[in-house]
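The next block holds one structure in the form of structure tokens; read it before the comments.
No lab work stands behind these numbers, since they all come straight from the coordinates. Bear in mind that the values here come from a model prediction, so they are computed numbers and not experimental data. Cβ coordinates were reconstructed from backbone atoms using ideal geometry, including for glycine residues, and neighbour counts include every protein chain displayed.
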Amino acid sequence: MVYIISLFLALFNISYSAPFAQAAVTETPNFVILFADDMGYGDAGCYGHPTIRTPNLDRMAVEGMKFTNFYSASPACTASRYALLTGKYPVRSGFGWVLYPKSELGIHPKEVTIAENLKDAGYATACYGKWHLGSTREEYLPNQNGFDDYTGLPYSNDMIPPRQQEIALLENGDTLEMGPDQSLLTGLYTRKATEFIKAHKNDPFFLYLPYAMPHIPLYPGKEFAGTSLRGLYGDVIEEIDWSVGEILNTLKEQGLAENTLVIFTSDNGPWIIKDTLGGSAGLLRDGKGSTWEGGMREPMIAWWPGHITPGSVQMQQASTLDIFPTLAVLAKIGYNPTEPIDGSDMTGILTGNAALPVRTFFYHKDSELHGVRKGPWKLLTTTNSQTGKEYFDGKLPLLFNLDIDPSEKYDLSDQYPGIVSELAVEMEKHRDYLEAHPDYHTRFPLN
Ligand code: MG
């Protein structure tokens, strides 16, 4: 269901008719994915935060589409990135959860990433930011996975490789710096991103900017430190918001706005056990690492002037799994026909008022299947909490109507046993499907 706010439409017409430079003409759109780390559903102004200022994200929502039922396919960093880049459930990766600098696993060379798919179709590709899909073998790194240009931390900003004292900043496989000043990272990634956009204004391009933060430790740039009412966490989010503004403004200045789809979302929910250093899931239960809504439902804004209805709010369920096939469709290319992916094309809900068929979405923690959502209904047969809390006195299964009860407060499993059974069958079918599709690391072990 899409609500069009006529006031925003009027604003859009005023904003967009005059100031655009002549749009560069390419046959297919450019794509930009801005990916925060551990930002919660409630951490942007346009998602209801009372004191964090996010004027650029708010404007992006006014000019674009704000999703309210959008999921990351995992509540953890590495697994979430795998799903985003491959369109497949992380349980199919062979690692399923979080990789550490010493981890021998990574994204398998046979996996096809969004970047590889688009690069094959002639797109220029770049990644500036946190990789976190393996770093102990060259073939796991961004340049070997479809990205022409890369600068960033190959893992989380709190991870120190064994036998080293400091975190590494890489540039195209080489170590650029050990122990970089993390307060400069958001600025560095933003500058790299805007330079890449300008350099490729006449080519189709794919830009992936996975921010290092608000994953802890929090290091705002000096212009932002101490400036937010929300403290250090707010400073960091407000800097990310500035970065979003820089990128949208660059696209406008270069005449590329109407030819570029920009997506902003986060890899997983907030790290709530870090007290005020962690974010907020708003009205959702729990956070990062858990399969409650707060762990996996994310802020998501899509912006593509002239194609997406400005000021629209998208309540249909979608997820990061859908981004790979959507970009493939918009780029007018296919994707890896020999290997099924788990997402589906959401072009219809981005560019029109189309309804997607009612789909299932499965909640995993690592290799464990915890639950399923279909329409408004969510069944949980296993639960976990980042805080260690046991809700509902450990009762299982639990059934929620998320349209009516997004906070998962009211268990309806006793009232609707037929829906519990139907969803349990979906989970069994999913287990069978996973069994029939073992991961590449199992099928093709690397020496
Ligand atoms: Mg994360």
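Here are some notes:
- Kirkwood's formula applied to the C-alpha pairs of the stretch 29-133 gives a hydrodynamic radius of 15.8 angstrom.
- Across K198/K374; K66/K395; K274/K409, pairs whose alpha-carbon gap is larger than 32 Å: K198/K374; K66/K395
- Rg to Rh quotient for the stretch 192-306, alpha carbon positions, Kirkwood Rh: 1.02
- Extent along the principal axes, Cα only, for the stretch 361-443: 43, 31, 20 Å, with the longest axis given first.
- Pairs of alpha carbons in the chain whose separation is greater than 31 Å (percent): 37
- Listed cross-link partners K389/K429; K130/K222; K192/K288 are compared with a 27 Å cut-off, the Cα-Cα value being larger for K389/K429; K192/K288.
- Kirkwood Rh in Å, taken over the stretch 300-381 so that all alpha-carbon pairs contribute: 14.4
- Estimated inter-spin distance, N202 and T338, nm [label 7 Å along Cα→Cβ]: 3.7
- DSSP beta bridge pairing in the chain, given as percent antiparallel to the nearest 5: 55
- From helices alone, the chain scores -8000 deg cm²/dmol at 222 nm; the rule is -39500 (n - 2.57) for each run of n ≥ 4 DSSP H residues, then divide by the residue total.
- The stretch 157-177-the stretch 263-289 distance, computed between alpha-carbon centres (Å): 26
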